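**Student:** First the structure, then my questions, so here it is.
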């Protein structure tokens, strides 16, 4: 059992900031684009369901982790509680998901930061902007979880202030009738729900915080209560931000305009440009630009911390300056190179991340929780709520696989 140090561990608010900063970041810019088919009401429903199921799986993983020494990550837990073949597949899926999300955020951030730096008179190209941002984030992650939490908190506070200032301005332009019953070729409610299944993988990817749980447990010295509060508070705050964001975007951009945004790549730059066309005040446009910068950096930091922790655990690098430098190089260099060679893969990458996250963010926590009870609670009956939680997590994972396969085989409609 991991030790508990309730007296000296930091406030759960710091952990909640890490989780919220990881979850509610650059990926939120894809949501209005991929949810345009199902539109507002159905999309809100799926977001709430996804939040609940992903939170359950995170809490299951946390409970299992507390039976192991501090710092024991996915690789250690799967080696101890699952067959070897499952552990290998799970490890590959984690590396791929966190790696592809890192690639997606670097790819999406390039045009955004390049445009801003060029405006300031720094004539750099897309690749140089990506390299500069990656170097800064890599340095912060190398410094450790405490530094990351402080920077994420700073960025998140700034992002939230900007977001609510932006929301306060955009809400006046929201067309409520467009939000609830958009006037387009599909005016009836039954025309929207068939598109719902296609958004499931993106909703799952929008609540991917599981790679940060190991670091949080170490950060709080095994204090279960504080870790639990951080997970619940952080994910719930992210859900609220998502709902505000959908209201602002879908209430301002007509539904029939979203296919064009998707054809332009569906990334941050494309959506921001569409919002600029609908916002009359230049001040709101500036707020939107600055907000996007903080959203990118928050997500980038949160995701790469999870990948960094997994690489260190998998390869056994020491928690020294040299060891962390090796981990940082392996964490950041491959996604950076891929983003320079293949710069237009943001939307596609998020979709694949949602599929593969099913394994390590849903199925693996459920399997670990089931097997951990057999090892650490022998003779004790399984609680009903524990069994229900595992069942819901697995069912949501199966739904996600069906949705992704159906989309790839064109068995479900895409908007």
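**Student:** Just name the residue that is surrounded by the fewest Cβ atoms within 10 Å (Cβ to Cβ) out of those in the stretch 218-234 that are part of a helix (DSSP H, G or I) and at pLDDT below 90.
**Tutor:** Ranking the qualifying residues of the stretch 218-234, first place goes to 224.
**Student:** A further question on this structure: Please list, ordered by first then second residue, the pairs with beta carbon atoms under 6 Å, 6 or more apart or interchain, first in the stretch 227-252 and within 19 Å of residue 177 (Cβ to Cβ), second not in a helix (DSSP H, G or I).
**Tutor:** Going by the 6 Å Cβ cut-off, the qualifying pairs are 251/174; 251/175.
Conditions tested, residue by residue: (1) crowded, with 23+ Cβ neighbours inside 10 Å; (2) modelled with pLDDT of 75 or more; (3) within 19 Å of residue 107 (Cβ to Cβ).
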position: 255; (1), (2), (3): no, yes, no
position: 258; (1), (2), (3): yes, yes, no
position: 261; (1), (2), (3): no, yes, yes
position: 264; (1), (2), (3): no, no, yes
position: 268; (1), (2), (3): yes, no, yes
position: 284; (1), (2), (3): no, no, no
position: 296; (1), (2), (3): yes, yes, yes
position: 299; (1), (2), (3): yes, no, yes
position: 306; (1), (2), (3): yes, yes, yes
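Rundown of residues vs (1) assigned to a helix (DSSP H, G or I); (2) under 13 Å from residue 101 (Cβ atoms); (3) in contact with a strand residue (DSSP E or B) (Cβ under 8 Å, 6 or more places away or on another chain); (4) in contact (Cβ under 8 Å) with a residue 60 or more places away in the chain, yes/no style:
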position	(1), (2), (3), (4)
328	yes, no, no, yes
339	yes, yes, no, yes
358	yes, no, no, yes
362	yes, no, no, yes
385	yes, no, no, no
389	yes, no, no, yes
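**Student:** If I filter the stretch 336-347 for residues that are at pLDDT 80 or above and within 23 Å of residue 217 (Cα to Cα), do I get at least one hit?
**Tutor:** Within the stretch 336-347, not a single residue is at pLDDT 80 or above and within 23 Å of residue 217 (Cα to Cα).
**Student:** When you go through (1) within 30 Å of residue 111 (Cβ to Cβ); (2) outside any helix (DSSP H, G or I) one by one for residue 411, which number turns out not to apply?
**Tutor:** Status for residue 411: all satisfied but (1).
**Student:** Name the single residue, out of those in the stretch 370-382 being outside any helix (DSSP H, G or I) and either at pLDDT 85 or above or in contact with a helix residue (DSSP H, G or I) (Cβ under 9 Å, 6 or more places away or on another chain) (or both), that is surrounded by the most Cβ atoms within 10 Å (Cβ to Cβ).
**Tutor:** 382
**Student:** Looking at the stretch 91-111 only, could you name the residues that are buried (at least 22 other Cβ atoms within 10 Å of the Cβ) and more than 18 Å from the chain's Cα centre (by Cα)?
**Tutor:** 110
**Student:** Just wondering, is there one or more residues in the stretch 184-197 that are under 25 Å from residue 357 (Cβ atoms), within 21 Å of the chain's Cα centre (by Cα) and either buried (at least 16 other Cβ atoms within 10 Å of the Cβ) or at pLDDT 80 or above (or both)?
**Tutor:** Yes, because at least one residue in the stretch 184-197 is under 25 Å from residue 357 (Cβ atoms), within 21 Å of the chain's Cα centre (by Cα) and either buried (at least 16 other Cβ atoms within 10 Å of the Cβ) or at pLDDT 80 or above (or both).
The values are calculated or read from the model by the stated rules, or taken from the named source; none is laboratory data. Fair warning: this is a prediction, and the values are worked out from it, not measured in the lab. Counting neighbours? That spans all protein chains shown, and the Cβs are built from the backbone with ideal geometry, glycine included.
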